[in-house]
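Notes to accompany the following structure.
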Amino acid sequence: MNITFHGAARSVTGSRHELQFGNTRILLDCGLFQGRRQDSERFNRYLGFDPATIHAVLLSHAHIDHSGALPILTKGRFRGPVYMTKATQDLVEIMLEDSAKIQKADCTYLNKRGRRRERPGLAPLYTLLDVQAICRQFERMAYGKTFRVSPRIKAQFTDAGHILGSSSIWVQYAHKGESVSVLFSGDVGRYDMPILRDPQPSPPCDVLILESTYGDRIHDEDLETMRTKAESLVKHAIKHKSKIIVPAFAVGRTQELVMRIKELVQEKRIPQIPIYIDSPLASKATKIFRHHPECFDEETLKTFTSHKDIFGAKYIRYVESVQESQRLNTRPGPCVIIAASGMCEGGRIIHHLKHGIQNEKNIVAMVGFQAEHTLGRKLIEEWDMVPIFGRPTPRRAQIIRFNGLSAHGDRLDLLNYVHRLNPKPRKVFVVHGEERQSFSLAAALRTEYPNMEVIIPSLHSTHNL
Ligand SMILES: [Zn+2]
């Protein structure tokens, strides 16, 4: 019985963990690496295991750094089931389609440039056909229901409160008096956030695989501070007829922002200025949100059942066509443009940054986690010159960070996640964090639980359970 970490080990993206029980291999997540283009290429082309040997995959949630490499499995002759919650299935289908389209467009663009420089051609990691193939292997499971993955292996999803459909995954192997239970936290959400329920308690386990995105940080910006900040940004935009550009994950963050802005308008703290949600993926995801009230918290459910449109208003426009998106480039402010991708690594946000970032009256509002080496990271580090489509571009727009808007729990939430497990796990693997975050969280766990073995695995390392 062992585990091998094929991604999100001393880094945040590319979540892929392989459990081996006897001859049965189970994969937890199969995500894409994101970061420097060359590194991503290398890590995404080499999975570190043979997909044909995997019995089943259990998926924690739809974010692409957890799900985006799934189609590569079918290309590698994986024919087993991929288990996930119902909402995750609906979301992951549109996410993977979108990912295939983005890869195709990126390759076409880069190959065109490459030809001029006589570089060898790039091919996408997978196509829409590969996406359709893996989607046929999806199996929907309800939260809290134990199901069999094989005669010796049981599993269960519990609500992780991170995005719609997100889960922690509990797996138990039992055979001839030998047994071990493993809990994979997935991405842990936060308490008292809009739309979704709080993270739910998971069954206890022998071994815990714990994320550590914010392992050394506390979300110290409270809601009221953020609301006041948002108010002054909107006033600034009105005064200068400028734009507020917001890179946001299409799934989760965008819907939360829409709800937060609507609240401010309803309370008359800000006037109605045009809000453009410029992401076809976000529009599709928003429709899926409306189909899954079973994932809502009480308050959202109440609004939903009273037939009020939770994600719409007169001044909110979901932009579909490329032409309409392009028109936004020349549209005068004030307005808010919310577009994906959240880390500015692709999608329509890049075009809005290209056209808006040189204007010192515009504001780029950063609301989510930014992995190392992404354009988003360079923006929060306030670089004066940033690469946009490979070209150095002067950054004159103001960068404003909203630290309290994360969909990830902070250090205290992560420690609380362990605190709620009783009895405590004997072993904890700290993953899904940059080294500083993982080491800091591991140190806190070792101090609090001296009998616990705490390991920060490195990439492709194998450990006994
Ligand atoms: Zn996530």
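The values are calculated or read from the model by the stated rules, or taken from the named source; none is laboratory data. It should be emphasised that the depicted structure is a prediction, and the values quoted were computed from it without experimental measurement. Glycine gets a Cβ as well: all are built from the backbone with ideal geometry, and neighbour counts include every protein chain shown. Heavy atoms of the whole protein, side chains included, go into the accessibility calculation; ligands, DNA and RNA do not. Shrake-Rupley method; radii C 1.70, N 1.55, O 1.52, S 1.80 Å.
Contact map, the stretch 88-102: residues that are free of Cβ contacts under 8 Å to residues at least 60 places away in the same chain paired with residues that are surrounded by fewer than 19 Cβ atoms within 10 Å (Cβ to Cβ) and not in a helix (DSSP H, G or I), Cβ distance under 7 Å, separation 6+ or inter-chain. Pairs shown: ALA100/PRO124; ALA100/THR127.
Of the residues screened, PHE43 is not one that is in a loop (DSSP other than H, G, I, E, B) and over 28 Å from HIS291 (Cβ atoms).
Of the residues making up the stretch 14-41, those that are open to solvent by 10 Å² or more (accessible area, probe 1.4 Å) and of a type in the set (S, T, N, Q) are GLN20, ASN23, THR24, GLN34, GLN38, SER40. Taking into account only those residues within the stretch 237-253 that are under 15 Å from VAL364 (Cα atoms) and open to solvent by less than 20 Å² (accessible area, probe 1.4 Å), which is farthest from the ligand (Cβ to nearest atom)? Out of the qualifying residues, it is SER242.
A residue that is free of Cβ contacts under 8 Å to residues at least 24 places away in the same chain and farther than 24 Å from LEU183 by Cβ occurs nowhere in the stretch 58-77.
Picking from residues in the stretch 254-277 that are open to solvent by less than 10 Å² (accessible area, probe 1.4 Å) and within 16 Å of the ligand (Cβ to nearest atom), the one that is farthest from PHE402 (Cα to Cα) is GLN255.
Which residue is modelled with the lowest pLDDT, if the candidates are limited to the stretch 89-140 and must be among the polar types (S, T, N, Q) and within 29 Å of HIS61 (Cβ to Cβ)?
Here the answer is GLN103.
Across the stretch 246-262, the qualifying residues are those that are touching a strand residue (DSSP E or B) at 6+ places or on another chain (Cβ under 8 Å) and farther than 14 Å from ALA230 by Cβ, and the one among them that is modelled with the highest pLDDT is PRO247. SER202 passes every criterion in (1) modelled with pLDDT under 95; (2) closer than 30 Å to GLN398 by Cβ; (3) within 22 Å of the chain's Cα centre (by Cα); (4) open to solvent by less than 50 Å² (accessible area, probe 1.4 Å) apart from (2).
Contact map, the stretch 27-55: first residue among the charged types (D, E, K, R), second residue open to solvent by 10 Å² or more (accessible area, probe 1.4 Å), Cβ cut-off under 6 Å, separation 6 or more or different chains; pairs are ARG36/HIS373. Selection of the stretch 390-421 for residues being outside any helix (DSSP H, G or I), of a type outside the set (D, E, K, R) and within 16 Å of the ligand (Cβ to nearest atom) yields SER406, ALA407, HIS408, GLY409.
The single condition among (1) more than 29 Å from GLY376 (Cβ to Cβ); (2) not in a helix (DSSP H, G or I) that ALA52 does not meet is (2). Number of residues in the stretch 422-463 that are outside any loop (DSSP other than H, G, I, E, B), among the charged types (D, E, K, R), farther than 29 Å from THR374 by Cα and open to solvent by 40 Å² or more (accessible area, probe 1.4 Å) equals 3.
Hey, among the residues in the stretch 409-421 that are open to solvent by 20 Å² or more (accessible area, probe 1.4 Å) and in contact with a Gly (Cβ under 9 Å, 6 or more places away or on another chain), which one's farthest from SER167 (Cα to Cα)? Walk me through it before giving the result.
Kept after step one, since they are open to solvent by 20 Å² or more (accessible area, probe 1.4 Å), are these residues of the stretch 409-421: 411-413, 415-416, 419-420.
The next check asks that each one be in contact with a Gly (Cβ under 9 Å, 6 or more places away or on another chain); those that pass are 411, 413, 416.
On the way: ARG411: 19, ASP413: 15, ASN416: 17 Å.
In this case the residue turns out to be ARG411.
Candidates are the residues of the stretch 60-79 that are open to solvent by 10 Å² or more (accessible area, probe 1.4 Å) and away from the ligand (no atom under 16 Å from the Cβ); the one that is nearest to THR146 (Cα to Cα) is ARG79. Going by the structure shown, is SER181 within 15 Å of the ligand (Cβ to nearest atom), in the same structural domain as SER60 (by TED's automatic domain parsing), crowded, with 16+ Cβ neighbours inside 10 Å and of a type in the set (Ser, Thr, Tyr)? The answer is no for SER181. Would the stretch 278-289 turn up any residue that is more than 15 Å from GLY368 (Cβ to Cβ), open to solvent by 20 Å² or more (accessible area, probe 1.4 Å) and in contact with a Ser or Thr (Cβ under 8 Å, 6 or more places away or on another chain)? No, the stretch 278-289 contains no residue that is more than 15 Å from GLY368 (Cβ to Cβ), open to solvent by 20 Å² or more (accessible area, probe 1.4 Å) and in contact with a Ser or Thr (Cβ under 8 Å, 6 or more places away or on another chain).
Pairing each residue of the stretch 152-165 that is away from the ligand (no atom under 16 Å from the Cβ) with any residue that is assigned to a strand (DSSP E or B) and open to solvent by less than 10 Å² (accessible area, probe 1.4 Å), provided the two are 6+ apart or on different chains, yields C-beta distances under 7 Å for ARG152/PHE21; ILE153/PHE21; ILE153/ILE26; ILE153/VAL171; ALA155/LEU58; ALA155/ILE169; ALA155/VAL171.
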